[in-house]
1. Under a point-charge model restricted to the Cβ atoms of Lys and Arg (+1) and Asp and Glu (-1), what is the dipole moment magnitude of the stretch 72-123 relative to its Cα centre, in debye to the nearest 20?
2. So what's the projected area for the stretch 74-113, the Cα convex hull averaged over all directions, in nm²?
3. Would you mind getting the accessible area per residue of the chain, heavy atoms of the protein chains only, 1.4 Å probe, in Å²?
4. Between Lys76 and Trp113, how high is the FRET efficiency from 1/(1 + (r/R0)^6) when r is the Cβ-Cβ distance and R₀ = 22 Å? Nearest 0.05.
5. Sequence gap at least 6, Cα distance under 8 Å: using those rules, report the relative contact order of the chain to the nearest whole percent.
6. Please report the equivalent ellipsoid semi-axes of the chain, computed as sqrt(5 x eigenvalue) of the Cα gyration tensor, largest first, in whole Å.
7. Just round it to a whole percent: the fraction of Cα-Cα distances in the stretch 37-86 exceeding 16 Å.
8. Please state the charge dipole magnitude for the chain, taken about the Cα centre, from unit charges on C-beta atoms (+1 on K and R, -1 on D and E), reported in debye and rounded to the nearest 20.
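The values are calculated or read from the model by the stated rules, or taken from the named source; none is laboratory data. Worth saying up front: this structure is predicted, and the values here are computed from it rather than measured. Cβ placement follows ideal geometry from the backbone for every residue including glycine, while neighbour counts extend to all protein chains displayed. Note: accessible area is taken over every heavy atom of the protein model, side chains too, but ligands, DNA and RNA are not part of it. Shrake-Rupley method; radii C 1.70, N 1.55, O 1.52, S 1.80 Å.
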Amino acid sequence: QVQLVESGGGLVQAGGSLRLSCAASGRTFSSYAMGWFRQAPGKERDLVAAITGSGSLTYYADSVKGRFTISRDNAKNTVSLSMNSLKTDDTAVYYCAATRSTRWGRPTAYDYWGQGTQVTVSS
């Protein structure tokens, strides 16, 4: 099992930047693909970005391509999401998640979740 704790959320103006971090427990972090999800009020939880265990492959939702960057540091058991050019539509609770499935691009593949961190983008 793996436990996940997110940090770095907050309030930012449109056009600004934030960096989210997720700290994972356990000694097998590199065996997990990691994903960042977000859920806005009244909407479904969507996969925003994902990265394989080695960090060699990444996935981005169309809505964040070119603005968000996912990265990981397996030596520190952390995964990060750098968010630039933030828009009001990016306002949501952001969740870190982990999976050992090869289908890491699919939201349903994720087994372990953090508690979430709020990101609010004001106009």
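1. Working: 6 positive and 4 negative charges, 47 e Å.
The calculated dipole for the stretch 72-123 is roughly 220 debye.
2. Values: hull surface 16.3 nm².
Result: a mean projected hull area of 4.1 nm².
3. Working: 6440 Å² over 123 residues.
Per-residue value: 52 Å².
4. Working: r = 20 Å, r/R0 = 0.91.
Between Lys76 and Trp113 the formula returns 0.65.
5. Values: 305 pairs, mean separation 43.8, N = 123.
Contact order relative to length: 36 percent.
6. Values: eigenvalues 103, 39, 36 Å².
Those come to 23, 14, 13 Å.
7. Working: 537 of 1225 pairs.
Result for the distance tail: 44 percent.
8. On the way: 13 positive and 8 negative charges, 46 e Å.
Here the chain has a charge dipole of around 220 debye.
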